[in-house]
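The values are calculated or read from the model by the stated rules, or taken from the named source; none is laboratory data. Fair warning: this is a prediction, and the values are worked out from it, not measured in the lab. Positions of Cβ are backbone-derived with ideal geometry, glycine not excepted, and every protein chain shown enters the neighbour counts.
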Amino acid sequence: MSYKSQIRDSEMNMLLEKVAGKNYSKYLSEMNLVNIKGFKDQVIKFHFPVTAIIGPNGGGKTTVLGAAACAYKETKPGKYFPKCGKYDDSMQNWKISYKMIDKNISAKIEIERTAVFSNYKWTRDKLLSRNTLSFGVSRTIPATERRELKTFANGKFVMPHEKITKIKENVCDYVGKILNKDITDFSIIESAGNEKKNVLSGKTKQGYHYTEFHFGAGESSIIRMITEIEKCEDNSLILIEEIENGLHPLAVRRLVEYLINVSLRKRVQVLFTTHSNEALKPLPDQAIWVCNNGEISQGKLTIESLWALTGDIHAEMLIYVEDIFAQRWIEAVLSSDKSLIAGAIEVYAMEGDGKAVKTSKGRNEDPGAKYHSLCYINGDSDQKESEEQKIYRLPGEMPEPYVFLSVKERFDDISSKLTLALHQDINQQGFVKQVLEEVWRETYDKHTLFSSVAIRLGYMQEETVRSAFLHIWCDLYKDEKEKIYNNIMRNFAHEFDTHKTN
């Protein structure tokens with residue numbers, strides 16, 4: 001089933017426009033990692049108030065999070081960038097520059113600030129103030145292992161009634177939406193000596209009480225996180241490391257939707273790191289930044305495509321393409337050769353022609369790469385074809401309407417085959433033809449042709465429709481299919497010879 005966000009498109013567009021119009025009292029607009037860790041002059045522009053930072057382990061995600069925190073005086077740099085004596089001498093001459101909005105300081109002009117580490121100390125000029133919430137990975141440590149809760153782990157522990165407060169209704173509502181759990185009878189038990197120290201208490205359907213020591217780590221962290229966020233000031237900065245920690249994939253998606261909702265209600269700005277595809281689904285492409293090998297780039301990638309970008313893959317033939325449709329097209333072409341070992345060639349959608357070309361070039365220029373790659377760009381791409389650099393172009397212009405129309409025009413030749421491939425009764429050929437004609441005539445956004453057909457046919461998946469069209473296109477247009485196939489095999493002749501089935 002395709003993903004449907006709980007946030008309306010109009011609300012997403014409103015947030016994008018709000019950032020573009022600089023319509024915030026406080027906002028971190030842009031950050032340049034001039035020189036820090038492995039980054040040199042890498043610029044991040046925060047086009048959306050909820051930003052995801054993805055990348056491999058060691059890619060620099062937490063560095064980006066920490067650099068953002070250091071923009072404001074509420075966070076000391078040592079929290080994210082501690083120095084361990086002479087063993088951290090690489091920190092010398094680190095520098096981060098910022099462009100920020102603070103209407104209290106300047107109503108119309110963005111403010112520029114820098115943070116520099118030199119002479120064994122941090123220098124931050126004319127620091128701005130902004131309420132900042134930071135949720136590290138330690139938030140999911142089980143209560144039984146948290147030192148600050150040990151005073152509660154006592155069989156004789158009793159607390160006066162006034163030290164026990166019900167969790168607020170709005171927090172219960174939002175936590176319930178994220179975890180799909182009713183916590184209206186949950187409470188917070190404060191320590192007698194320190195009101196900042198507390199333990200959560202729950203209640204079963206049977207009326208029995210239990211404390212945070214018996215919560216799931218994800219359940220506890222979400223309740224505490226939502227409680228803090230709901231009471232934070234408007235225009236706060238919220239930083240979350242590994243947002244998926246302790247959560248079911250669906251809860252991860254709902255948490256990101258909640259954060260977008262908070263940005264609408266409280267005008268907060270959120271940055272989080274993640275390895276989860278589910279965390280990326282609610283976000284526009286502009287809200288996702290990839291850290292890898294000292295570079296930071298903008299745009300949505302699947303986590304599988306990220307593996308391809310980093311080289312963390314096991315296939316011996318690699319093809320990079322622009323999007324998921326091109327990926328399925330190449331896979332359909334390859335599927336016609338039954339002698340290929342499954343998985344010997346892998347195709348990765350990089351969500352952008354420039355990213356696909358750059359990744360393929362980088363792999364081919366890497367002397368340590370055991371197997372090289374090629375790239376297929378869409379017909380309407382502005383990138384240049386190059387036999388030398390193994391960059392080829394798919395037929396047509398925009399891929400979806402090209403394949404759709406190519407098959408539709410030959411409908412009378414393949415009517416029964418296409419009807420069956422679309423899981424329709426063989427007697428429904430007339431109905432299928434009518435649907436194709438109507439969809440082609442009525443669809444403005446040609447990227448949605450196959451999903452539109454799926455909806456018209458009833459209870460169909462877009463992937464099923466797309467697959468049917470692509471495989472039939474391969475049968476109808478064998479010369480074009482062979483051209484695509486031969487470009488691949490010509491470049492991988494040696495590997496191909498050694499990876500045929502016997």
**OP:** Determine which member of the set Ile377, Ile426, Ile414 is in contact (Cβ under 8 Å) with a residue 60 or more places away in the chain and of a type in the set (A, V, I, L, M).
**Re:** Ile414
**OP:** Considering each residue of region 380-411, count those that are more than 30 Å from Val432 (Cβ to Cβ), free of Cβ contacts under 8 Å to residues at least 40 places away in the same chain and within 30 Å of the chain's Cα centre (by Cα), and give that number.
**Re:** 7
Original post:
Going by the structure shown, is Thr204 at pLDDT below 80, surrounded by fewer than 19 Cβ atoms within 10 Å (Cβ to Cβ) and among the hydroxyl-bearing types (Ser, Thr, Tyr)?
Top reply: no
Subject >> Index of the failed condition, Thr302 passing every other in (1) under 28 Å from Glu11 (Cβ atoms); (2) crowded, with 19+ Cβ neighbours inside 10 Å; (3) modelled with pLDDT under 80 >> reply: (2)
Original post:
Given the residues Ile345, Ile414, Ile391, which is the only one that is touching a Cys at 6+ places or on another chain (Cβ under 8 Å) and on the phi < 0 side of the Ramachandran plot?
Top reply: Ile391
Original post:
When you look at Arg441, is it under 31 Å from the mean Cα position of the chain (by Cα), part of a helix (DSSP H, G or I) and basic (Lys, Arg), yes or no?
Top reply: no
**OP:** Could you please find all residues in region 49-66 being surrounded by fewer than 22 Cβ atoms within 10 Å (Cβ to Cβ) and under 13 Å from the mean Cα position of the chain (by Cα)?
**Re:** Pro56
Subject >> Matching residues in region 43-89 - criterion: being at pLDDT below 95 and among the hydrophobic types (A, V, I, L, M, F, W, C) >> reply: Ile54, Phe81, Cys84
